[in-house]
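Some notes on the structure that comes next.
The values are calculated or read from the model by the stated rules, or taken from the named source; none is laboratory data. This one's a predicted model, so the numbers in the text were calculated from it and none came from an experiment. Backbone-built Cβ (ideal geometry, glycine too); neighbour counts: all protein chains shown.
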Amino acid sequence: MQIAEAAVPKREEIEELLREDLWELGRRAFGIRRRMYGNITTFVSNMILNYTNVCVIGCSFCAFYRPPGHPEAYTYSVEEAVKRVLAVDARHGIRQVLIQGGVNPEIGIEYFEELFRAIKSKAPHIAIHALSPLEVEYLARRERMTYREVLERLKAAGLESMPGGGGEILVDEVRRVISPKKIDSDTWLRIMEEAHKAGIPSSATMMYGHVETLRDVAEHLHKIAQLQAKTGGFMAFIAWNFEPGTSELGRKIPYPKTSATLLRMVAVARIVFDGLIPHIQTGWLTTGPETAQLAMYFGADDFGGTLYEEKVLEWVRAEAPVDRREDVVAVIKSAGFTPAERDNLYRVVKVYGG
Ligand code: SF4
């Protein structure tokens with residue numbers, strides 16, 4: 001991993017940037033994106049394996065989880081999980097499986113070791129992009145191991161990169177309101193640092209649009225930039241909108257933020273992370289494919305991936321499906337960009353020209 005040399009902007013500078021004129025932000029961010037990637041927008045053929053919806057953390061913004069013993073609770077056995085991965089691969093041909101679930105007290109480190117090994121032995125071409133700092137922290141407590149030991153064991157079993165969920169907003173006052181039982185900001189950052197040092201690169205994420213202020217967003221971006229300057233382990237930054245759905249927080253904040261907010265976040269991230277984090281990803285799931293198309297003009301160079309089997313925001317996905325590789329290629333092309341399929345480490349494997 002290359003340690004970035006660009007200066008880390010101060011929190012106050014980022015806050016000022018967040019208040020700037022949207023078109024001006026877009027113009028600057030698009031210039032950086034153009035310089036770095038020309039007309040290419042990457043994506044990955046990906047499946048999401050939500051291996052369990054059982055969770056004891058109970059975040060107020062989450063409509064996916066079920067407490068242990070709930071009639072709708074599920075956990076895939078290793079066999080079932082592997083079967084699903086192989087079935088999706090046979091149908092669509094995937095390069096990455098994103099494995100994430102709730103914090104389920106019934107699942108120990110052996111489950112993941114077995115699962116990762118089984119996938120790698122049957123489908124070595126599929127990269128394992130799995131777990132969040134939250135799941136690593138829980139495993140460390142459960143198994144009485146250090147974060148480093150957990151990460152080393154998972155890496156030895158086949159873990160290649162981490163998606164980095166659970167970042168939300170890395171300001172503890174905000175976390176105490178939206179997910180009081182989740183790990184604090186320092187722990188999230190410490191586990192990411194350990195992962196990077198162990199040779200496991202990751203994404204950095206942000207979920208905005210709930211109780212945070214612009215100052216909190218600036219603080220979040222600043223903390224990520226600081227860690228990146230130290231480790232160089234973040235491959236991409238991904239911001240997404242809080243999706244109210246049927247979550248507890250959704251009853252208090254029933255309307256998601258508009259597309260303009262996503263464009264602002266994407267553009268500011270591109271400017272702040274210039275020379276630090278190479279890729280800015282725009283997901284289409286929470287704000288729709290049209291906004292994701294616009295986001296490419298506001299600095300995003302990566303479209304994320306196909307979301308075969310995704311369950312966390314299943315109801316949103318059903319409204320505007322961009323499920324197959326052909327769908328993603330078509331969406332990127334119709335926005336005026338050249339789609340390029342990549343692997344989990346953002347290496348381009350195929351360009352869809354013409
Ligand atoms: S967001 Fe993750 S940690 Fe929070 S309740 Fe949902 S599954 Fe659990």
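Criterion first (touching a helix residue (DSSP H, G or I) at 6+ places or on another chain (Cβ under 6 Å), within 16 Å of the ligand (Cβ to nearest atom) and at pLDDT below 95) does SER60 satisfy it? So SER60 fits the description; yes.
Restricted to region 21-54, and to residues there that are within 16 Å of the ligand (Cβ to nearest atom) and assigned to a loop (DSSP other than H, G, I, E, B), the residue that is farthest from ARG84 (Cα to Cα) is ASN53. Only residues that are in contact (Cβ under 8 Å) with a residue 40 or more places away in the chain, of a type in the set (A, V, I, L, M, F, W, C), under 30 Å from ASP327 (Cβ atoms) and more than 14 Å from the ligand (Cβ to nearest atom) were counted in region 99-127, giving 5.
In region 115-217, counting only strands (runs of 3 or more DSSP E) that sit wholly within it, the ones holding 1 or more residues that are under 21 Å from ASN50 (Cα atoms) and modelled with pLDDT under 95 span 202-208. Go through (1) crowded, with 21+ Cβ neighbours inside 10 Å; (2) within 16 Å of the ligand (Cβ to nearest atom) and name the single condition PRO201 misses. That leaves (2) as the condition not met. Whether any residue in region 258-269 is surrounded by fewer than 17 Cβ atoms within 10 Å (Cβ to Cβ) and of a type in the set (A, V, I, L, M, F, W, C) is what I want to check. So far as region 258-269 goes, yes, one or more of its residues are surrounded by fewer than 17 Cβ atoms within 10 Å (Cβ to Cβ) and of a type in the set (A, V, I, L, M, F, W, C).
Residues that are in contact with a strand residue (DSSP E or B) (Cβ under 8 Å, 6 or more places away or on another chain) and more than 12 Å from the ligand (Cβ to nearest atom) within region 71-89 comprise GLU72, TYR74, THR75, TYR76, ALA81, ARG84, VAL85, VAL88, ASP89, listed in sequence order.
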